[in-house]
1. Within the range 177-195, does at least one residue satisfy the condition of being modelled with pLDDT of 90 or more and closer than 30 Å to Gly132 by Cβ?
2. Conditions first: (1) free of Cβ contacts under 8 Å to residues at least 12 places away in the same chain; (2) of a type outside the set (S, T, N, Q); (3) surrounded by 20 or more Cβ atoms within 10 Å (Cβ to Cβ). Ala248 passes all but one, so which condition is the exception?
3. Which of the residues that make up the range 80-107 are surrounded by 14 or more Cβ atoms within 10 Å (Cβ to Cβ), under 14 Å from Asn38 (Cβ atoms) and of a type in the set (A, V, I, L, M)?
4. From (1) within 27 Å of Ser287 (Cα to Cα); (2) in contact with a strand residue (DSSP E or B) (Cβ under 6 Å, 6 or more places away or on another chain); (3) not small (Gly, Ala, Ser), pick out the condition that doesn't hold for Asn240.
5. Looking only at helices (runs of 4 or more DSSP H) that fall completely inside the range 1-104, which ones have 1 or more residues that are in contact with a helix residue (DSSP H, G or I) (Cβ under 7 Å, 6 or more places away or on another chain) and of a type in the set (Asp, Glu)?
6. Could you please let me know if Glu167 is within 29 Å of Tyr50 (Cβ to Cβ) and charged (D, E, K, R)?
7. Could you grab me the full set of residues in the range 65-108 that are farther than 20 Å from Gly208 by Cα and of a type in the set (A, V, I, L, M, F, W, C)?
8. Of the numbered conditions (1) over 28 Å from Asp111 (Cβ atoms); (2) under 18 Å from the mean Cα position of the chain (by Cα), Thr5 fails exactly one; give the number of that condition.
Amino acid sequence: MDLGTFVSQFISGLSVAMLIFLVASGLTLIYGVLNVLNFAHGSFYLLGTYFAFQLMQLIPNFWLGLVAGVFGAGVVGMIIEVLFLRRIYGRPDEGAFQLLMTYAFILVLDDAVKFIWGPEYKTISKPPIFSGSVTIGPVVVPAYNIFIILVGLVVVLFAWYLLNRTESGKKVRASSIDRQMLSLLGANVPLIMTVVFGIATAMGGLAGVLAAPLRTVTPGAGIEVIIDSLIVVVIGGFGNFWGALLGALIIGEVLSFGILWWAELATVLTFIVMIVVLIWKPEGLLSTKSAGGK
């Protein structure tokens, strides 16, 4: 493999990793703070793309569509948390109810998308400013891929600052350790949990809108992305934000180079990586119960 091909595949893997990370980080944030394994998280990825598509039919502007997708997915997430998930917190059989309820929402939201927008494939165009390419040494890289990588890095830095350097972030981390004590200290724990769920689902919507120009917008996309996200969360460690980043980087590069080197095994390579990690370190590479990764 020449240097140009290696750099090209590496950058492609980074862009894939950042898209997976945006979904997986929200999934692991929900688990780390709320102790909820949200199987329906991929549905918010799906909702984000359709909200963006709908607005762009009225106003053909990618950035407004991006805002609509992020905001819409976050609002729907908060509504579901308040009206449904909040009712089962603390029950002895909470885990079983979580599994059944979030799986049910996969079916409900997927059918709702088909009912409202139909089963046909939709497309979203790249923003004109990122429709070209960037030359990096001997490699020509799509500018949109660079944009996705930069968005992922901004989210990483913002999350680190929010979780570790702000009062709100400290409350979020505290709620993942002892909700009762935090409530006794005067914090509005239910509100914190709702906002965290909304932010996490909004990140799923963000990933969906960013991925839409690279893939077709279609019902069922949420199920596909949740599989990769769960693999990432298992590899990195449940509830660990930085583990999600590490896992996404590993899976992104495995997918990128796997297609190039072992095309016939490309669909199972991520599962092989997960199995190896589970055998070597079952709790995940950076396992922790804290939302802040500490």
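1. No, the range 177-195 has no match at all.
2. Here Ala248 clears every test but (1).
3. From the range 80-107, those surrounded by 14 or more Cβ atoms within 10 Å (Cβ to Cβ) are 80-82, 84-86, 88-89, 94, 97-98, 101-102, 105-106; that's our starting set.
With the extra rule that they be under 14 Å from Asn38 (Cβ atoms), the set shrinks to 80-81, 84-86, 88-89, 94, 97-98, 101-102, 105-106.
Matches in the range 80-107: Ile80, Leu85, Ile88, Met101, Ile106.
4. So Asn240 meets the others, but not (2).
5. Working: elements: 3-34, 41-58, 62-83.
Passing ranges, in order: 62-83.
6. Details: within 29 Å of Tyr50 (Cβ to Cβ): no; charged (D, E, K, R): yes.
In short, no.
7. Of everything in the range 65-108, those that are farther than 20 Å from Gly208 by Cα and of a type in the set (A, V, I, L, M, F, W, C) turn out to be Val82, Leu83, Phe84, Leu85, Ile88, Ala96, Phe97, Leu99, Leu100, Met101, Ala104.
8. (2)
The values are calculated or read from the model by the stated rules, or taken from the named source; none is laboratory data. Fair warning: this is a prediction, and the values are worked out from it, not measured in the lab. Because the Cβ atoms are built from the backbone with ideal geometry, glycine has one as well, and the counts that use them run over all protein chains shown.
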